[in-house]
Amino acid sequence: MRVALDATYSVDTQPSGIAVYSRRILNGLARAHPEDQFIHCYRLKQYRRTHPSEMPNVSRRVLLPLPFLNTADVFHALNQRVERRHSKRVVSTFHDLFVMTGEYSSPEFRKRFTLQAREAAARSDLIIAVSQFTADQVHELLKVERGRLRVIPHGVDRVAESDSQGREPVVLFVGALQVRKNVARLVEAFENMPDAWRLVLAGAPSGYGAEEILARIERSPARERIEVAGYVSEERLGRLFAQASIFAFPSLDEGFGIPVLEAMAHGVPVITSNCSALVEIAGDAALVVDPRETDEIAGALAQLAEQPRVREELARKGKLRAAQFSWESAVRKTHEVYRELTGT
């Protein structure tokens with residue numbers, strides 16, 4: 001089988017979310033299926049920053065949007081963007097549609113995103129949704145029939161056992177500072193925590209609405225106990241997960257929520273939202289709150305701060321929950337979609 005994939009979003013100096021997904025799928029497919037040929041496609045800006053793959057079954061093509069690829073059995077858009085039908089069979093992955101449903105971006109970006117999402121939905125034979133929540137939104141907002149939808153969750157890496165006795169009174173949040181992530185309410189809720197506790201915000205301070213969030217942090221009476229860490233390396237993130245006693249992720253809207261699984265895999269008890277895909281991903285292994293109610297976030301933080309046994313139980317459940325998600329499974333199920341389309 002010859003598969004062409006839009007690898008554009010794998011090129012990122014600060015990978016998160018879609019970049020992580022793209023890399024895992026691209027590399028995982030090439031390793032798991034040496035019998036197949038994979039064509040990695042890029043847009044011009046990203047192509048200039050790539051290097052030839054060391055895997056013998058991977059080649060590159062420039063540029064997207066490409067003309068019709070009659071040499072590819074399947075074209076896979078890894079991030080819901082299909083300018084034209086690049087081959088006889090097209091698959092696209094939809095990660096979320098929050099841009100269409102909330103005030104989480106500029107009007108101009110919302111208009112462009114919506115057009116791209118509608119085009120990708122119309123031009124795809126099958127659509128991979130990363131959660132049932134996202135699949136439902138694709139069906140409801142883009143009028144895609146259920147028969148064209150396949151749900152394939154993201155994965156999470158296995159993590160070596162860490163010493164829970166070495167944890168500190170730290171609340172950790174991982175994600176870009178933006179309105180959708182609800183960081184301002186988290187900061188307000190944290191202000192009720194005892195003085196021994198610190199809040200670490202690990203993520204690029206450049207998202208939509210970041211200036212207002214940073215201003216709110218500067219005004220916080222707990223400012224000296226709040227660290228705006230910015231985007232952190234994989235090594236630093238691992239240390240933060242090993243250090244933290246609570247992971248708080250009260251996002252307003254997520255198509256999946258990889259940080260929740262990462263925290264669970266590291267044995268950190270999780271507080272997250274009772275909406276979007278987060279409740280689906282967390283299952284019964286987290287404290288869930290209404291993310292628009294600051295008092296609920298504060299109450300959950302206080303409960304975990306005061307009750308170590310609850311933290312231990314959530315950590316145990318979280319590890320079991322994270323073990324149900326793997327990148328190997330995501331790669332295998334993605335390849336099964338290709339086989340379904342090609343009849344091989």
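Just so you know, all these numbers are worked out from the coordinates, no wet-lab data involved. Treat the numbers as computed from the prediction; the structure is a model and nothing was measured. Positions of Cβ are generated from backbone atoms using ideal geometry, with glycine treated the same way; all protein chains shown enter the neighbour counts.
Show me, bin by bin at 10 Å from 0, the whole-percent P(r) of the stretch 92-217 based on Cα pairs.
Bins of 10 Å from zero give 11, 29, 28, 22, 9, 1 percent of pairs.
Give the angle, between 0 and 90 degrees and rounded to the nearest 10, that separates the Cα long axis of helix 308-322 from the longest principal axis of the Cα atoms of the chain.
0
When the Kirkwood hydrodynamic radius is evaluated over all pairs of different C-alpha atoms of the stretch 164-322, what value in angstrom, to one decimal, is obtained?
Taking the inverse mean of 1/r over all distinct Cα pairs, the stretch 164-322 comes out at 15.2 Å.
Just from its helices, what would the mean residue ellipticity at 222 nm be for the chain, if runs of 4 or more DSSP H residues each count -39500 (n - 2.57) and the sum is divided by every residue, rounded to the nearest 500 deg cm²/dmol?
It lands at -12000 deg cm²/dmol.
Using only Cα atoms, tell me the angle between helix 294-306 and the longest principal axis of the chain; keep it within 0 to 90° and round to the nearest 10.
70
Out of all DSSP beta bridges in the chain, what portion is antiparallel? Express it as a percent rounded to 5.
So the antiparallel bridges in the chain amount to around 0 percent.
What is the helix-to-structure angle for 132-142, meaning the angle in degrees between its Cα long axis and the longest Cα principal axis of the chain, kept from 0 to 90 and rounded to the nearest 10?
Taking Cα atoms only, the helix is inclined about 60 degrees.
What is the chain's relative contact order, in percent, from Cα pairs under 8 angstrom and six or more apart in sequence?
Over the chain, the number comes to 15 percent.
Could you work out the relative contact order of the stretch 164-322, using alpha carbon pairs under 8 angstrom and six or more residues apart, expressed as a whole percent?
Taking the mean separation of contacting Cα pairs over the length of the stretch 164-322, I get 25 percent.
Quick check on packing: order 31-38, 275-282 by the mean number of other C-beta atoms within 10 Å, highest mean leading.
The peptides rank, most packed first, as 275-282, 31-38.
If Lys and Arg each add +1 and Asp and Glu each add -1, what is the summed charge of the other residues whose beta carbon sits under 11 Å from the beta carbon of Phe325?
Once positives and negatives cancel, what remains is -1.
Once you list every other residue whose beta carbon is under 14 Å from the beta carbon of Thr294, what net charge do they have if Lys and Arg are +1 and Asp and Glu are -1?
Values: positive: Arg185, Arg216, Arg292; negative: Glu188, Glu191, Asp290, Glu293, Asp295, Glu296.
With Lys, Arg at +1 and Asp, Glu at -1, the net is -3.
Can you tell me the order of 102-112, 311-321 when each peptide is scored by its average per-residue count of other Cβ atoms within 10 angstrom, highest first?
Result, highest mean first: 311-321, 102-112.
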